[in-house]
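The values are calculated or read from the model by the stated rules, or taken from the named source; none is laboratory data. Treat the numbers as computed from the prediction; the structure is a model and nothing was measured. Methodologically, a virtual Cβ is constructed for each residue, glycine included, from the backbone with ideal geometry; neighbour enumeration extends over all protein chains shown. With ligands, DNA and RNA removed, areas are computed over all heavy atoms of the protein, side chains included. Shrake-Rupley method; radii C 1.70, N 1.55, O 1.52, S 1.80 Å.
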Amino acid sequence: MSQPKEIPQMEKIVSLAKRRGFVFQSSEIYGGINGFWDYGPLGAELKRNLRDTWWRTMTRDREDVVGLDATIIMHPAIWKASGHVDTFADLMRECSVTNKRVRADHVEPQSGVVMQFSGFSITGGSSHNDSITVLMRGGEHIESFRKRVRQLVAQARNQTAENIELHGESKIDAVEGSVDFHPETGGALGEARPFNLMLKTYVGPTATENDIAYLRPETAQAIFAQFKNVVDSSRQRVPFGICQIGKAFRNEVTPRNFTFRSREFEQMELEFFIKPDEAIEAVCGSVAAWSEGADLSVPQDNWGWEMWHRYWVKERTDYYAGIGLGADVLDYHWQTKEELAHYARACVDILFKFPFGTEELEGLAARGDFDLMAHQTASRKPMDVFDEEVKNAFAKWTDEQRAALVERKKAEHRAKEKGGLTDAQVDEWCQKLFKGFYVPHVIEPSAGLDRLALAVLSNAYSEVEKTDAKGKSETLYVMRLHPRLAPVKVGVFPLLKNKPELVAKAREVFELLRKHFSAFYDEGGSIGKRYARQDEAGTPFCLTIDFETLGEKGEELKDTVTLRHRDDGSQERVKISELLGKLLPMVG
Ligand code: GAP
């Protein structure tokens, strides 16, 4: 007897996400739209809870970070200045048979026989001499291969396969591990070409080239563009940060892995502005050097970009641990010199072990002063700040010390392969710094909310085998969501729905709790079934109101309920008057 086919973990998660109302395909009734996802009742609450934990950790709990809520469509000049118009592109290759595109770095190696046809004709119609090259994969029968090619040709021309006749078949070559064929169609791929990922729209009535605007591909640029307004209005002084949560859009070539790579998604970004290291050197005498085990718990005056970068990696790691994503499910990728953008000093990706592989959850980049400088140049609006302390510190330096700093900076910039300043620009930069003016540098922790929701769902998913008294076993699904993230914090059940006293008491408990956190009242089915439903929804606690609650089994149990814990199934008796005090610290 053949074994039942093992269903991949990711498929099970996608299925549960739909079944329980976490995530639905966008526009599903019309066949869906690739790369777009909707969050159902439970998903919407989960996302809201994630947003809240991030916002609270990144700004409310800190004195040195403030928030921003900017528009999705901004002046197109922002995207020109930031480099997105010219360089925000993926290299793509196109299938020569179907014109389907694929990201050049997403083509898996394939093996087989390269087959070529000199052309094809359409029944009762035209004849074409365009040669067609398709990979016949190992194990593919020649007849089914020919049928497949006819289908590919037909699809691209709105025809049916039966109407296509292929001509001049020949065997070209046998290939091993080739990346020159489309992963789905097997059609030969063309040259890699850049494809800009920004989604365009028109703002204004004429809908001409002059009205082109972009849906933001990241939230970060609004923070840079509003930097001066925030400084002027918030009484923040460098070092400080501005954070934002909001939608971003990218016309991803190959959206994939459920919500992992979508075309519309939400980002949670912080731009943390710091002094340039030379200013720290002047104020503190030297810049703290990072070494393994360095104390990153409390920011210090002598921290330069490296310590701040390391600090934010630690802060973000602590945040993830606080919502149940610990060291066992995270990893880090420190970009090598070759991988780094020319302006970046360091960049680390925090990775999560998704069921489909270990992939980026968040990027943390030390971006120097690249972004503010770019906007200063393009907008001709100064982005520098004045720092009295820095001015006073440099005033104590000798001319020789200042000249040595200028020379050191010139040498640094001359050694840069790309993006270095000219000697004259270094002179100007240093003279401003000596007077206390500088454009702040930035550390950017940038996370994806949808990716985080997917990580949290994957991490929470578990299966429990249950065997009943008759020996019949079934698989139950338990979403072990952290109580702070769970869409519903507590399920409230009367033991029996046909006992008005139980129902009235259960409604009373439900009304009491729902004022403080999301609660769900359920009286349908056996208690076991109700527990199972809440386990699938990730509800960490369930309360049952029974005859003990009514005082029918003794005065000492009156006004107590059974509190059941999702993760170990344990139960305890708790006074109704103590419920809030017990539950609030765990779910808040
Ligand atoms: N401002 C920097 C920036 O946007 P990024 O690495 O392109 O950097 C940051 O994006 C985060 O946004 C990623 O780590 C990921 O969590 C999320 N993200 C990026 N593209 C995404 C997509 N197509 N779908 C879902 N999340 C995405």
Would you tally the residues in segment 172-226 being open to solvent by less than 40 Å² (accessible area, probe 1.4 Å), of a type in the set (Val, Ile, Thr) and over 30 Å from residue 113 (Cβ atoms)? 3
Is there any pair with a first residue in segment 198-227 that is more than 21 Å from residue 376 (Cα to Cα) and a second that is assigned to a helix (DSSP H, G or I) and of a type in the set (Ser, Thr, Tyr) whose Cβ atoms are under 6 Å apart and which are 6 or more apart or on different chains, and what are they? none
In segment 23-56, residue most open to solvent (accessible area, probe 1.4 Å) [restricted to those that are in contact with a strand residue (DSSP E or B) (Cβ under 7 Å, 6 or more places away or on another chain) and in a loop (DSSP other than H, G, I, E, B)]: 36
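To keep it simple, each residue is scored yes or no on (1) of a type in the set (A, V, I, L, M); (2) touching a Ser or Thr at 6+ places or on another chain (Cβ under 8 Å); (3) within 16 Å of the ligand (Cβ to nearest atom).
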position: 198; (1), (2), (3): yes, no, yes
position: 218; (1), (2), (3): no, yes, yes
position: 221; (1), (2), (3): no, yes, yes
position: 232; (1), (2), (3): no, no, no
Tally the residues that are of a type in the set (A, V, I, L, M) and either modelled with pLDDT under 95 or assigned to a loop (DSSP other than H, G, I, E, B) (or both), restricting the search to segment 376-405. 1
Checking residue 264 against (1) surrounded by fewer than 22 Cβ atoms within 10 Å (Cβ to Cβ); (2) more than 10 Å from the ligand (Cβ to nearest atom), only one condition comes out false. Which one? (2)
Among residues of segment 81-104 being small (Gly, Ala, Ser) and modelled with pLDDT of 90 or more, the residue farthest from residue 371 (Cα to Cα) is 96
So how many residues does segment 76-101 have that are in contact (Cβ under 8 Å) with a residue 24 or more places away in the chain, open to solvent by 50 Å² or more (accessible area, probe 1.4 Å) and not hydrophobic (A, V, I, L, M, F, W, C)? 6
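Does residue 245 satisfy the condition of being within 16 Å of the ligand (Cβ to nearest atom) and either within 23 Å of residue 373 (Cα to Cα) or open to solvent by 20 Å² or more (accessible area, probe 1.4 Å) (or both)? Show your work before the answer.
Values: within 16 Å of the ligand (Cβ to nearest atom): yes; either within 23 Å of residue 373 (Cα to Cα) or open to solvent by 20 Å² or more (accessible area, probe 1.4 Å) (or both): yes.
Considered against the rule, which asks whether it is within 16 Å of the ligand (Cβ to nearest atom) and either within 23 Å of residue 373 (Cα to Cα) or open to solvent by 20 Å² or more (accessible area, probe 1.4 Å) (or both), residue 245 comes out as yes.
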Applying the selection to segment 342-364, what residues are more than 9 Å from the ligand (Cβ to nearest atom), under 13 Å from the mean Cα position of the chain (by Cα) and aliphatic (A, V, I, L, M)? 351, 364
Failed condition for residue 523, given (1) under 27 Å from residue 20 (Cβ atoms); (2) at pLDDT 95 or above; (3) open to solvent by 40 Å² or more (accessible area, probe 1.4 Å); (4) not in a loop (DSSP other than H, G, I, E, B): (4)
With the checklist (1) open to solvent by 60 Å² or more (accessible area, probe 1.4 Å); (2) touching a residue at least 40 places away in the same chain (Cβ under 8 Å); (3) not in a strand (DSSP E or B) in hand, flag the one item residue 373 doesn't pass. (1)
Scan segment 102-118 and report the pairs whose first residue is closer than 26 Å to residue 90 by Cβ and whose second residue is of a type in the set (Phe, Trp, Tyr) and outside any loop (DSSP other than H, G, I, E, B), with Cβ atoms within less than 6 Å and a gap of 6+ or a chain change. 110/181
Condition set of a type in the set (D, E, K, R) and either modelled with pLDDT of 95 or more or in contact with a strand residue (DSSP E or B) (Cβ under 8 Å, 6 or more places away or on another chain) (or both), scope segment 469-496, selection most open to solvent (accessible area, probe 1.4 Å): answer is 474
Without any contact (Cβ under 8 Å) to a residue 12 or more places away in the chain, touching a Leu at 6+ places or on another chain (Cβ under 7 Å) and not in a helix (DSSP H, G or I): does that describe residue 552? no
